[in-house]
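Quick notes on the structure that follows.
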Amino acid sequence: MADSGCARVSAREAISAVAGSFTEHRPAARPAPADGPLGWSGYGESRARASARTGEEESVVYGTAAVGGRECVLVSFEFGFLGGSLGSRTGDRLEAAYTLAAERRLPLVSLVATGGSRMQEGMIALVQLQRVARASTSLRAAGLAQIAVLRDPTTGGGWATVGAGADVVLALPGAQIGFAGSRVRPADADPYAYTAEGQLAAGQIDAVVAPEELPVTLGRWLAALTVTGPVQAAPVPEALSAAELPATGWDAVEQARAADRPRAEAYLDSYFDHRLPLAGDRCGGRDPGLLCGVGTHAGRAVAYAAQCGTATRPAGYRTAARVIRLADRLGLPVLTLIDTPGAANDAEAERAGAGAAIADVFAAVAGARVPVTTLVIGEGGSGGALALASPDNTHVTADSYFSVIAPEPAAAILKRGPDEVRSTADQLRLRPQDLVELGVARSVVGPARAQDT
């Protein structure tokens, strides 16, 4: 399925590369003028040539398939048919595919390769994007997942609907991706911005996947996002350090800031059998200090958002909110790991909407119908940490703290000198055992499980 860097593969070759079986479906045929709705001279001949060249009647093929042993509705674009463009009959097929997925209660996987809307059908072609958006929204409301694989190229309205509108967006290496196609973008535009790798760096897609890895990756995503049975809270992770409960507030701060303390990556690796990343806020940003995705724990899928000990950026909060809402819609439990000195507060973060991004995570957690489990594994600094915390199922490790703000800025706010930072830490009652006593946390995990309430 390596469209990029070599001859493009056909829609059916793309299907064969990922599906163990495929049963094609076709919408009911409807009459149409030979030269289309605009009477575009020569359009009928162009369609006939495209059909003879590709063996297809339209630029999209769809049906039911088994991918990685998981049933889904599969859509594949035929770029050889008028550049994989979207016309009215393409809209018929795409709408029928979304409807089929809703009727069969199946996730939808799209293998996208398109140049956008079909010029020969003018506005009739363009309004197909509204049809696709409406069908996609209905499928989302039904609680069914949508996965897009971006082949080369994926541009125009196909990118802005089927591609970018999916819950999980994967791309092949080197694929050209962008709303502006190569013939209409500015002459001085940075070409990297229109590549799979550039879109990943900009937080617009979730992963670049090598062709040989795509069948397994899709199978894992389908397994993770196909939920059966009632949702149960994610179990609390075990503590990874043998730290003892701190004697003082400042001891708690020092333990949480220790360089050798286990971090989010270690907790996630210990907790999950494998993980599938969801990266980026879909607004042009990524925060490497907040890891998000879906993983498998004891055979069950769990969505996660984990802070890595750095000041969390607005893009990180927006990504976390996106993942929590996806989990809520699909019925996945959520695990959050808290470890941050606080939200990033530099000028760039403020310009990027730090307050609104933090508010969005608070709203996502508050509105979640699925259970959210939280473990504080290090620093819990102010609202930037609390935004990710479950209101009723938060736990702490012995080498963590949680505070209205870190002791140093707390002392500054209270107009205290540096020599009073340690005593301020005690007054804040930020130790793990204090948090349990105050009712902020339900338990201290690890050596201090006797603190359970």
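List of remarks:
- The residues in the range 168-204 that are surrounded by 24 or more Cβ atoms within 10 Å (Cβ to Cβ), of a type outside the set (S, T, N, Q) and not in a strand (DSSP E or B) can be counted, and the count is 3.
- Those residues of the range 345-370 which are surrounded by fewer than 16 Cβ atoms within 10 Å (Cβ to Cβ) and not hydrophobic (A, V, I, L, M, F, W, C), in sequence order: 345, 346, 348, 350, 351, 355, 367, 369
- Residues that are part of a helix (DSSP H, G or I) and not hydrophobic (A, V, I, L, M, F, W, C) were ranked within the range 100-112; the one that is farthest from residue 224 (Cα to Cα) is 103.
Residues are listed down the side, and each one gets a yes or a no for (1) crowded, with 21+ Cβ neighbours inside 10 Å; (2) closer than 12 Å to residue 91 by Cα; (3) within 19 Å of the chain's Cα centre (by Cα); (4) not assigned by TED's automatic domain parsing to the domain that holds residue 73:
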{"position": "105", "(1), (2), (3), (4)": "no, no, no, no"}
{"position": "110", "(1), (2), (3), (4)": "yes, no, yes, no"}
{"position": "113", "(1), (2), (3), (4)": "yes, no, no, no"}
{"position": "120", "(1), (2), (3), (4)": "yes, no, no, no"}
{"position": "123", "(1), (2), (3), (4)": "no, no, no, no"}
{"position": "126", "(1), (2), (3), (4)": "no, yes, no, no"}
{"position": "132", "(1), (2), (3), (4)": "yes, yes, no, no"}
{"position": "135", "(1), (2), (3), (4)": "yes, yes, no, no"}
{"position": "142", "(1), (2), (3), (4)": "no, no, yes, no"}
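- Evaluation of residue 130 against (1) without any contact (Cβ under 8 Å) to a residue 40 or more places away in the chain; (2) in a strand (DSSP E or B) (one fails), failing number: (2)
- Here residue 59 passes the criteria (1) among the small types (Gly, Ala, Ser); (2) surrounded by fewer than 16 Cβ atoms within 10 Å (Cβ to Cβ); (3) closer than 18 Å to residue 128 by Cα; (4) in contact with a strand residue (DSSP E or B) (Cβ under 7 Å, 6 or more places away or on another chain) except the one numbered (2).
- Some residue of the range 192-214 being free of Cβ contacts under 8 Å to residues at least 24 places away in the same chain, hydroxyl-bearing (Ser, Thr, Tyr) and farther than 16 Å from residue 159 by Cβ: yes
- Options 409, 371; residue that is assigned by TED's automatic domain parsing to the domain that holds residue 319 and touching a residue at least 24 places away in the same chain (Cβ under 8 Å): 371
- Scanning the range 216-234 for residues that are out of contact with any Asp or Glu (no Cβ under 9 Å at 6 or more places or on another chain), in contact (Cβ under 8 Å) with a residue 12 or more places away in the chain and not in a helix (DSSP H, G or I) gives 227, 231, 232, 233, 234.
- Total residues in the range 407-441, condition in a loop (DSSP other than H, G, I, E, B) and at pLDDT 95 or above: 6
- Filter pass, residue 390 being surrounded by fewer than 24 Cβ atoms within 10 Å (Cβ to Cβ), assigned by TED's automatic domain parsing to the domain that holds residue 306 and touching a strand residue (DSSP E or B) at 6+ places or on another chain (Cβ under 8 Å): yes
- Inspection of the range 205-215 identifies no residue that is at pLDDT below 95, over 30 Å from residue 392 (Cβ atoms), part of a loop (DSSP other than H, G, I, E, B) and over 17 Å from the mean Cα position of the chain (by Cα).
- Some residue of the range 386-406 being part of a helix (DSSP H, G or I), over 25 Å from the mean Cα position of the chain (by Cα) and under 26 Å from residue 317 (Cα atoms): no
- Some residue of the range 240-252 being modelled with pLDDT under 95, hydroxyl-bearing (Ser, Thr, Tyr) and surrounded by fewer than 21 Cβ atoms within 10 Å (Cβ to Cβ): yes
- Of the residues making up the range 144-159, those that are small (Gly, Ala, Ser) and at pLDDT 95 or above are 145, 148.
The values are calculated or read from the model by the stated rules, or taken from the named source; none is laboratory data. Just so it is clear, the model here is predicted, and its values are computed rather than measured. As a convention, Cβ positions derive from the backbone with ideal geometry for all residues, glycine included, and neighbour counts pool all protein chains shown.
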